[in-house]
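Some notes on the structure that comes next.
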Amino acid sequence: MEDRYHRQTILPGFGQKGQNTLGKAKVLVVGAGGLGVPVMTYLNAMGVGTLGIVDADVVSMSNLHRQVLYTEVMVDKPKVEMAKQQLLAQNTSTIVHVYNTYLNPGNALGIIQNYDVVVDATDNFPTRYLINDACVILKKPFVYGALHGFEGQVSVFNYKNGPTYRCLFPKMPKADEVPNCIEHGVLGILPGIIGNLQALEVIKVVCGLDGVLSGTLLLYDTLSQRMERMKFRLNSENLILRELQDSYDFDCEVVMESMEAIGIQNLLRDKKVSLLDVRTEQEFQRNHIKGAKNIPLDTLENRVGELARENPIYVICQSGIRSKRAVLMLQELFPDRKFINVAGGMNQLNTYANTY
């Protein structure tokens, strides 16, 4: 075992002391996808003592071009279980805890309180604001990473009472302002680069190394291979948090009727429901509710003539983000009709039951 970390322990400025500190560290990774995979893989290889993994998704074929921890035989299996299997095969000394759920206001504080550092490896704004607020309340630092097209971002928030996520992004964006990798794509190697930069920040935070990206947003452009830094300051009001919000969702100026995804199950049992699924064809084929009509969001405006005549129409996607954008569009096109967003989407349904 001494040989395993020899190249690290002989490194000036890290040494055996750094290795011992790393071995006692507890790191929570929220999201076991493109960013989470390199974070988990390298922290595990380097000897972090305990890893926690939060995700309720399953491995899909479309994940494999960037989520290199998984293999083809793992498709349709829970990501957290497959990640744990691979990580323990890589390093049997690591303690790995898995949470086959999505982080929400009901479980965030209970999960995060057990860890020293939180890594945001998610792909949506609501969860980032939730992570931020929970970390502020519990006084935990968290390492942020985000992707958009050929670009990525990394920063560290709430480090030693430093700037928080809300200091950089004070206000939740509107649903129709948010791009996502499902619709706009991502170059397979980019999550690996950004995830490794996040893992490096975790090591710096845990071991007390210099240069932690607190108050600094690192911007990386893959095409030009350029990195830029943007400084931002602490707004001390953002440190005054005592409890989480009841809900974390997009700001929306339009009144929109919503229901929790779990509620759609009861409606389906009791009566016929007109359900529109706005995910991609590939997502729909992999897992969908029987009787749902699939019109991907990016084609919806040109295919509204295919909508059912029933009123209301329930609109669902994977997480509730695209369905909300679809409802906004449909309300504008058909102000006299009723469209209901299914909040939480298929993710929530998969969390509560694998009925469909």
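Please name which of GLY34, TYR144, PRO173 has its Cα lying farthest along the dipole of the stretch 6-239 towards the positive end, using unit charges on Cβ (Lys, Arg +1; Asp, Glu -1) and the Cα centre as origin.
Of the listed residues, the answer is TYR144.
Taking +1 at the Cβ of each Lys and Arg and -1 at the Cβ of each Asp and Glu, which of ASN347, GLY18, ILE262 sits farthest along the dipole of the chain towards its positive end, judged by Cα position relative to the Cα centre?
GLY18
If the only charges are +1 at each Lys and Arg Cβ and -1 at each Asp and Glu Cβ, what is the size of the charge dipole of the stretch 257-352 around the Cα centre, to the nearest 20 debye?
Roughly 240 debye, rounded to the nearest 20.
At 222 nm, what value in deg cm²/dmol follows for the chain if DSSP H runs of at least 4 each add -39500 (n - 2.57) and the sum is divided by all its residues, to the nearest 500?
Dividing the helical sum by the residues of the chain leaves -10000 deg cm²/dmol.
Would you mind ranking ARG303, ARG337, ARG309 so that the residue whose beta carbon has the fewest other beta carbons within 10 Å leads the list?
So the ranking, lowest neighbour count to highest, is ARG309, ARG303, ARG337.
Only Lys, Arg, Asp and Glu count, each charged at its Cβ (+1, +1, -1, -1), so figure out the dipole size of the stretch 58-203 about its Cα centre, rounded to 20 debye.
Numbers: 11 positive and 12 negative charges, 85 e Å.
Using only the charged Cβ atoms, the result is roughly 400 debye.
Distance from the Cα centre of the stretch 209-231 to that of the stretch 1-55, in angstrom?
So the separation of the two Cα centres works out to 22 Å.
From zero up to wherever the largest Cα-Cα distance of the stretch 257-352 sits, split into 10 Å bins and tell me the percent of pairs in each.
Here the calculated profile for the stretch 257-352 is 17, 57, 25, 1.
Sorted from fewest to most neighbouring beta carbons within 10 Å, what does the list ILE289, ILE264, ILE131 look like?
Arranged by neighbour count, lowest to highest, ILE289, ILE264, ILE131 become ILE289, ILE264, ILE131.
About the Cα centre of the chain, how large is the charge dipole given +1 on each Lys and Arg Cβ and -1 on each Asp and Glu Cβ? Please answer in debye to the nearest 20.
On the way: 36 positive and 37 negative charges, 143 e Å.
It comes to approximately 680 debye.
With everything on Cα atoms, drop me the angle between helix 261-270 and the longest principal axis of the chain, reported from 0 to 90° to the nearest 10.
30 degrees
Check cross-link reach from LYS204 to the lysines: straight Cα distance under 21 Å, and skip same-chain residues fewer than eight apart.
LYS17, LYS24, LYS26, LYS139, LYS140, LYS160, LYS231
Relative contact order, percent, of the stretch 6-239 when contacts are C-alpha pairs under 8 Å separated by at least 6 residues?
20 percent
Compute the separation of the alpha-carbon centres of the stretch 145-175 and the stretch 263-336 and state it in Å as a whole number.
31 Å
Could you list ASP55, ASP249 so that the one with the fewest beta carbons within 10 Å of its beta carbon is first and the one with the most is last?
ASP249, ASP55
To check you understand DSSP bridge types, tell me what percent of the beta bridges within the stretch 6-239 (both residues inside) are antiparallel, rounded to 5.
Antiparallel bridges: around 50 percent, rounded to the nearest 5.
How far is helix 125-138 tilted, in degrees, relative to the longest principal axis of the Cα atoms in the chain, given as a value from 0 to 90 rounded to the nearest 10?
50 degrees
Which net charge results when you count Lys and Arg as +1 and Asp and Glu as -1 among the other residues whose beta-carbon is under 13 Å from that of MET227?
Its environment carries a net charge of -1.
When the Kirkwood radius is taken over all Cα pairs of the chain, what Stokes-Einstein diffusion coefficient follows at 10 °C and 1.306 mPa s, in µm²/s?
Translational diffusion coefficient: 74 µm²/s.
All of the numbers you see were taken from the coordinates with simple rules; none came from a lab. All values reported here derive from a predicted model rather than from experimental measurement. Every residue, glycine as well, gets a Cβ built from its backbone with ideal geometry; the counts of neighbours run over all protein chains shown.
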